[in-house]
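Step one of this worksheet: look at the structure below.
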Amino acid sequence: MRHWLRAHRGFLLFLLCLGVFRTAVADWNPVPTGSMRPTIVEGDVVFVNRLAYDLKLPLSDVVLARLGEPRRGDIVTFRSPRDGTRLIKRLVALPGDVVAIDDGVLVVNGEPARYEGLHAVQEPARHGVPRAALRAEEAIDGRSHAVQFLEGWPGPRRFGPVVVPAGHYFMLGDNRHDSEDSRFIGPVARPLLIGRTERTLVSADILGHWWPRWERTGAPLR
């Protein structure tokens, strides 16, 4: 055993450094679902900046230092407060905010979001049957991003109002009728935040023939 460890110590040290790097500095995350469509699609592998908010003890949720503050509109990777599953969603409300959804319209602190460029699309599906959807640019608090609403799907069109507790953040998927987010799992405590999701590293069409999506490689996310 000692001979094996000596012979492979360089590789083992590399694995240890890689593990520390991925758990404390930067990470990548494959996306298997469409809850963030059209911003992030199935088959994307995204880059996660783990130092965007907090410096954590590697392999733990212990915060050593605060490095930055989460903002409305950030795309955040976090652990679900329900079962610890890693999720990617849009941060839409901060601690102390009052958040609601009124007939599909996001409302934060009594201010409804604005929606521009509404248009219809055919959304691809894993079993080859496309679904009708509506897409638009949602603008709130000076930032805008694309959102999607699946036509004919019974996703919640009304929610709240609720007050986001201190030290917590309210997350929504951009695909509003097909996302398990804070409407279902509750607000997310800061220690559960993993980092800010900033760009697509690589992407493949996992709903089709696994062809690379070259146009998404290295693309920034907003």
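Here r is the Cβ-Cβ distance between Asp103 and Leu207 and R0 is 41 Å; the resulting FRET efficiency, rounded to 0.05, is 0.85. A simple packing score, the average count of other Cβ atoms within 10 Å per residue, orders the peptides 89-96, 199-206 as 89-96, 199-206, with the highest score first. What is the sum of charges, Lys and Arg at +1 and Asp and Glu at -1, for the other residues whose Cβ falls under 9 Å from the Cβ of Leu106? Once positives and negatives cancel, what remains is -1. Segment Thr217..Arg158, full-extension length gain: 17.6 nm, with 0.36 nm per residue of separation and the alpha-carbon distance subtracted.
What full-extension length gain, to one decimal in nm, is calculated for Leu57 and Phe184 as 0.36 nm per residue of separation minus the Cα-Cα distance? Numbers along the way, then the final one.
Working: separation 127, 0.36 × 127 = 45.72 nm, distance 2.92 nm.
Taking 0.36 nm per residue and subtracting the Cα distance, the gain is 42.8 nm.
Of His145, His119, the sequence from fewest to most neighbouring Cβ atoms within 10 angstrom is His119, His145. Counting charges near Arg143 (Lys, Arg +1; Asp, Glu -1) among other residues having Cβ under 12 Å from its Cβ returns a value of +1. Expressed in units of 2.2 N^0.38 Å, where N is the residue count, the Cα radius of gyration of segment 59-201 is 1.07. A simple count of charges around Ala52, restricted to other residues whose Cβ falls under 13 Å of its Cβ and scoring Lys, Arg +1 and Asp, Glu -1, yields +2.
Values quoted throughout were computed directly from the atomic coordinates according to the rules given, and no laboratory measurement underlies them. Small disclaimer: the values here were computed from a predicted structure and weren't measured. Glycine also receives a Cβ, built like all others from the backbone with ideal geometry; neighbour counts cover every protein chain displayed.
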